[in-house]
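What follows is one structure encoded as C-alpha cells, with my remarks underneath.
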Amino acid sequence: MTKRQPNDGVRAAGPDAEKAPAASSEASTAVALRADQEEFDHKQIGALSLISPGLANAPRAQLAVFFHYCVRTGLDPFARQIYMIGRKNWKAAEDPDEPKYIWTIQTGIDGFRATAHKAAKRAGESLSYEDTVYYDGEGKAYDVWLARVPPAAVKVTVLRGAARFPFIAKWDEFAPTYYDKKQGEYVLAAMWRQMPSHMLRKCAEAGGLRMAAPHDLAGIYVDEEMEQADADAVLRVGEIATQRLREAAAVEQDGGVDRESEKSGEAKPASKKRARSAAKKTDPAPEQSKVDEAPVAPKRAPRKRAASARRPAA
C-alpha cells in the first residue's frame, strides 16, 4: 500500500501549488475531498457542521473560499487541521449592508508549521528559526522566561532561505480576558494563566510564519490569535447590556425624557407606562377634577320679610 502524501485527494490550486492525484478507492471516504470537485457537497457540509456548529448556515461564497484554503494549504478540514468559524458582526445592527457574521479560517500552530515548510520546500528553500526572545515590561530581553508573571512581549524570527521575518507579539494585544460572574470581574483565559509565555510565543510564531509564506497562510489565523476576538465579543455583550441599563435609568430619573435625546435637542417621548405614572404624580385625582369642573349654582336672593314681621307690636 502506497504512503499517502498530505495533499492526496485534494485538487491543487495556483500555478506554484503541488498537483494532487485523485484519491484512490481504498483511501477515499464519503467526505474526503476529491480531485474532480470544485466545492463542498452536501455530505461534506453536514460533516463540517458537526466540527464547526453554524457552518451549514454560511453563505455559499464563503464556503467556496474555505474550500479554496483547504486545497491551497493541503490541510484536512475533517481531521480538524483547518476549520471556519463564524462570529457575530456587531456592525450589522446599525448597518443593514453589513453581514450578520464574520467568518474566520483558523488552524493550529502545527498546521501553520506544516504549510510554511511545504511552501519553502516547493521553492527549494529551508525554513528555520532564530532563538526566541522574551521581554519584560521595561524592555529587557531574556532567552528563557522564568518569571511567574507573563512576559510583556515575545519575539520570534522565522528564517526562509536568506530572508528574516521577525514578529513581536505583545501581551496586551493578544491575551484574552473574560468576565467571571462568580468573581464579578474580568479574568484571564485558563490556558493563558497556565502557560502565558507559551501561548504568546505561538502568536508570535504564527505572525512570523505568515510573513514567510504569505501566499499559503494569508487570511488564516491560529486559534491563539483569535481568542482575543472571542473575548471582545463577550465584552461587547456586556457593554451593550450596561448601556441599556444606563439609558433606562436616565429616562426614569428625568421623568420620561431621554438624556441623550435631550442633549441633541430631540427629546423622545417616554413609554406609555412611564407617562401614566408621571401623570398620576402631577394631575389631581379624578374625583377632585370632576368636582372642580362642575358648574357652581348661583346663590339665591334672600326672601323679603313679611310686613307684619317688620311692624313693631302695638
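Before moving on, here are some points about what is shown:
- Summed over segment 106-118, the residues that are among the charged types (D, E, K, R) and either free of Cβ contacts under 8 Å to residues at least 60 places away in the same chain or assigned to a strand (DSSP E or B) (or both) give a count of 1.
- Helices (runs of 4 or more DSSP H) wholly inside segment 167-220 containing at least 1 residues that are in contact with a helix residue (DSSP H, G or I) (Cβ under 6 Å, 6 or more places away or on another chain), touching a residue at least 12 places away in the same chain (Cβ under 8 Å) and not hydrophobic (A, V, I, L, M, F, W, C): 196-212, 214-217
- All positions within segment 38-94 that are under 24 Å from residue 227 (Cα atoms) and among the acidic types (Asp, Glu): 76
- Which numbered condition residue 107 misses (of (1) at pLDDT 90 or above; (2) surrounded by fewer than 20 Cβ atoms within 10 Å (Cβ to Cβ); (3) touching a Leu at 6+ places or on another chain (Cβ under 9 Å)): (2)
- Positions within segment 148-166 being under 16 Å from residue 131 (Cβ atoms) and part of a strand (DSSP E or B), in sequence order: 153, 154, 155, 156, 157, 158, 159, 164, 165, 166
- In summary, residue 29 fulfils each of the numbered conditions (1) in a loop (DSSP other than H, G, I, E, B); (2) closer than 19 Å to residue 213 by Cα; (3) among the polar types (S, T, N, Q) with the single exception of condition (2).
- Selection count, segment 138-188, where residues are of a type in the set (Gly, Ala, Ser), surrounded by 11 or more Cβ atoms within 10 Å (Cβ to Cβ) and in contact with a strand residue (DSSP E or B) (Cβ under 6 Å, 6 or more places away or on another chain): 3
Yes/no matrix, rows are residues, columns are (1) in contact with a Phe, Trp or Tyr (Cβ under 6 Å, 6 or more places away or on another chain); (2) in a strand (DSSP E or B); (3) modelled with pLDDT of 85 or more:
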position	(1), (2), (3)
40	yes, no, yes
43	no, no, yes
48	no, no, yes
61	no, no, yes
72	no, no, yes
78	no, no, yes
85	no, yes, yes
97	no, no, no
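- For beta carbons closer than 6 Å, sequence separation of 6+ or different chains, a first residue in segment 134-153 that is in contact (Cβ under 8 Å) with a residue 60 or more places away in the chain and a second that is among the basic types (Lys, Arg) and outside any strand (DSSP E or B), there are no qualifying pairs.
- Residue within segment 119-131 that is in a strand (DSSP E or B) and in contact with a helix residue (DSSP H, G or I) (Cβ under 6 Å, 6 or more places away or on another chain) present: yes
- Selection from segment 132-145 of residues that are under 14 Å from residue 200 (Cα atoms) and either in a loop (DSSP other than H, G, I, E, B) or in contact with a Leu (Cβ under 6 Å, 6 or more places away or on another chain) (or both): 132, 136, 144, 145
The values are calculated or read from the model by the stated rules, or taken from the named source; none is laboratory data. Just so it is clear, the model here is predicted, and its values are computed rather than measured. Virtual Cβ from ideal backbone geometry, glycine too; neighbours counted across all protein chains shown.
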